[in-house]
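Structure first, then comments.
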Amino acid sequence: MHPRPSFPLSLPSGSTPAARPLAGIVAVLAIALSAPGALAQDPPRPPSLKTVPVPEPANIADFVSNRAAAIELGKALFWDMQVGSDGLTACASCHFNAGADSRSRNQIAPGLNRVHFDGSAFPDTTFAPGRGPNYDLTAADFPRFPSNDVVSSQGVFNTSFLAISGLPIEFQQVVPDTEGFRLSNANTRRVEPRNTPSVVNAVYNFRNFWDGRAQNQFNGVNGLGDRDPNARVFRADDPLVPFAVAVRLEDSSLASQAVMPVLSSTEMSAAGRRFPDLGEKLLGGAREFWFPLQGLRPLGLQRVHPQDSVLGGRSRHPQAGLTTNYDALVRAAFHRQWWDSPRRIRVANDGTTSVVTGFDYNPATREYTLMQYNFALYFGLAVQMYEATLVANDSPYDRFMDGDPNAISAEAIAGVDLFRSQTRGRCINCHEEAELTGASVRRVRASPTRIRENQALDRGFNNVSVLWTLEDLGVGGRDPFGVPLSSVRLLNPPPPQPIAVDGAFKVPGLRNVELTAPYFHTGGYRTLREVLEFYSRGGDAMPIHSADGSLVIAPLSVLNTTDPELAAFEAFLLSLTDERVRMQRAPFDHPQLFVPNGHQGNQNHVPSLFGLALDRILVIPAVGREGGGPLPRFLDH
């Protein structure tokens, strides 16, 4: 006799037959009950996310003197379009809708991450027939397999950095694009080779980015953490004697992630810009001129709602920007030894540094103030502290697990029990515990390696056969020093099992997933039903091989799923939406944003100026703590 299932066989109290899809639920229950041993060894339902503390570096107080000020600085930097070399691209430009990107024009990249069998670069710069720069996506374009084109996020034009101008737009030189982002003899905005994941709840990830390259340890300079032995910031216990020092903050992958797009020539920056250059731009004091340039007003191109939950007290509404400057925000947020010195840091073209008293006006060197030089440290930690407030833990499902039996439907309850079933869904084996991902800080610390089907994987990373492995190695790739990104590949001694990390990507959390289409690192699936059907058939690019072809990577053990089961799964996923995110209520409120949304013209021709295609602009209005209603979802713009 089979054990009784743990989900209810009757409807929650207060329900009516007309309000619940009884036929589908009964079918789901019958399937669950018919499986031998069903649910006997199933893990418990994932608990509420409210049960999980927000990770934070233990030594944050060594750097941050005022948490509230640091969060103010972080929110201003995250939403400020002036951070981009073009004066129009903010971190938020790719994370403005439920922490993700819902644009659909000029959002395709070709297979730029394709590699040879030996892992060396072999980029594909050719789009699928009929698609390319400035293409307008439609529902008919999904699902996209077997094309290796990726639906992602547009960033900046291909340019090279020349100098800070004193304006939001920097001096830069247009470089004809050779990666496919060119139309009508003009550069179009470049598009990232992977789809944009949401920053909401990203604080729970041990590593960030799809391939995990944003390290758990922040070194104050870049996203490489302990992988970069030469990363140094400067510290001035005595203002007259600043000295180079290595810093290390664990559980800071958000800080590691935050500083990487800022210098990317695809995402936010002209090629060749350094973080101290951004410090010069925002703080003031650029040395290219005989007189020091003033810094830029925080959010100086954007309105800030007077009831903004973080920045409202500093809003100049209806005028743009804040009533303070970045210099004051840094001073308020960080201990003075990280910014207070009359000395300057001289940086040679080869990256070597020395402490000096002034400028030498040598084109082979640049001199920065301590505050300018350490700007990556402030940027990473402040943005991390702001993003750590973007926690969505009040979904109907969270309230259900908090003790409200009527918070979700009977169909959603059946869905979560299929989700955790070891004879049907098995979803919980990768989307683990309250965070709904094995890539979380808690899960990786508990067990950094996962053995699945007698193969060794990085905990929280899987090759689910969305594309062939050689199209993108994911965590199977290497960092800029040529060191494997995979933690399993760095084990000494290595595991006895074959290592199956090629083509593996981070398991995302699932809260608010209905709001963050398109899905997967390829952005190749438009609806939750398409995603569920993908998993039901076990993937697309089968069989899965390692990069060199020597190993057949075990596929996910997923059974064909019935329509009632798919409906129950979908009901559970929909119950994971936090209405504060949907309605842009605090802490998910934000300043105004002008988002590049493709170009004027069409996919065959674009008007241009100075070799750059003319933008179309999508305006995201500022909202305060009470929110402003839902933003259009993917393909609704």
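The values are calculated or read from the model by the stated rules, or taken from the named source; none is laboratory data. This one's a predicted model, so the numbers in the text were calculated from it and none came from an experiment. Quick reminder, even Gly has a Cβ in these numbers, built from the backbone with ideal geometry, and neighbours come from all protein chains shown. Note: accessible area is taken over every heavy atom of the protein model, side chains too, but ligands, DNA and RNA are not part of it. Shrake-Rupley method; radii C 1.70, N 1.55, O 1.52, S 1.80 Å.
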Task: Packing-based ranking, highest mean first, of 602-609, 322-329 given that Cβ atoms within 10 Å are counted - done: 322-329, 602-609
Task: Nonlocal amide H pairs with residue 615, under 5 Å, H built at 1.01 Å - done: 600
Open item on the list: Just to make sure I understand: if all protein chains stay in place, what is the order of 50, 281 by accessible area at 1.4 Å, largest first?
Closed with: 50, 281
- [ ] Calculate I(q)/I(0) for the range 290-449 by the Debye formula, one identical point scatterer on each C-alpha and no solvent, and give its log10 at q = 0.09, 0.13 Å⁻¹ to two decimals.
- [x] -0.61, -0.89
- [ ] Quick one: net charge around residue 563, please, counting Lys, Arg +1 and Asp, Glu -1 for every other residue with C-beta under 15 Å from its C-beta.
- [x] -2
TODO: Using θ = phi - 60° and the Karplus relation 6.51 cos²θ - 1.76 cosθ + 1.60, list the HN-Hα couplings for the range 261-278 in order, rounded to whole Hz, with x at every Gly or Pro.
DONE: x, 4, 9, 6, 6, 9, 8, 9, 10, 5, 4, x, 6, 10, 4, x, 5, 5
TODO: Taking the Cβ of residue 247 as the centre, find all other residues whose Cβ is under 10 Å away and add up their charges (Lys, Arg: +1; Asp, Glu: -1).
DONE: +2
Task: Within-14-Å neighbourhood charge of residue 624 [Cβ basis; K, R +1; D, E -1] - done: +3
- [ ] Rounded to whole Hz and in sequence order, give me ³J(HN,Hα) for the range 386-402 from the Karplus expression 6.51 cos²θ - 1.76 cosθ + 1.60, θ = phi - 60°, writing x for Gly and Pro.
- [x] 5, 5, 5, 7, 8, 10, 9, 10, 10, 6, x, 5, 4, 5, 4, 6, 7
Task: Percent accessible area from carbon and sulfur atoms, the range 121-197, protein chains only, probe 1.4 Å - done: 59 percent
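Loop only by DSSP, 13 or fewer other Cβ within 10 Å of the Cβ. Give me the trypsin sites (Lys or Arg not before Pro) in the range 400-493 that pass, ordered by residue number.
Within the range 400-493, no trypsin sites (Lys or Arg not before Pro) qualify (loop, at most 13 other Cβ atoms within 10 Å).
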Open item on the list: Suppose the chain between residue 364 and residue 537 were pulled fully straight at 0.36 nm per residue; how much longer would it get relative to their current alpha carbon spacing?
Closed with: 56.5 nm
- [ ] Mind listing the long-range amide H neighbours of residue 504? Cut-off is under 5 Å, sequence gap 5 or more, other chains count too, H placed in the peptide plane at 1.01 Å from N.
- [x] 475, 476
Open item on the list: Quick one: 3J(HN,Hα) in Hz for the range 593-605, Karplus 6.51/-1.76/1.60 with θ = phi - 60°, rounded, Gly and Pro as x.
Closed with: 8, 9, 10, x, 10, x, 10, 5, x, 8, 6, 9, 7
Open item on the list: Students often get this wrong, so try it: which of (i) -0.59, -0.74; (ii) -0.85, -1.01; (iii) -0.66, -0.75 is log10 I(q)/I(0) by the Debye sum over Cα atoms at q = 0.08, 0.09 Å⁻¹ as calculated from the structure shown?
Closed with: (i)
Open item on the list: Quick check: Cα centre of the range 91-127 to Cα centre of the range 204-272, how many Å?
Closed with: 23 Å
TODO: May I ask you to order 154-163, 537-546 by the average number of other C-beta atoms within 10 Å around their residues, highest value first?
DONE: 154-163, 537-546
Task: Reachable lysines, given that their alpha-carbon falls under 27 Å from the alpha-carbon of residue 50 and they are not under 8 places away in the same chain - done: 75, 506
Open item on the list: Considering only protein heavy atoms and a probe of 1.4 Å, how much of the accessible area of the range 326-471 is carbon and sulfur, as a whole percent?
Closed with: 48 percent
Open item on the list: Under 5 Å between amide hydrogens, which residues at least 5 positions from residue 97 or on another chain qualify, with H placed 1.01 Å from N in the peptide plane?
Closed with: 102
Task: Residue-normalised accessible area of the chain, given per residue in Å² at a 1.4 Å probe - done: 38 Å²
Open item on the list: Taking 2.2 N^0.38 Å as the expected size of a compact globular protein, what ratio does the Cα radius of gyration of the range 422-543 give against it, to two decimals?
Closed with: 1.07
Open item on the list: Using only DSSP helix segments of four residues or longer, with each worth -39500 (n - 2.57), what per-residue ellipticity at 222 nm results for the chain after dividing by its residue count and rounding to 500?
Closed with: -5000 deg cm²/dmol
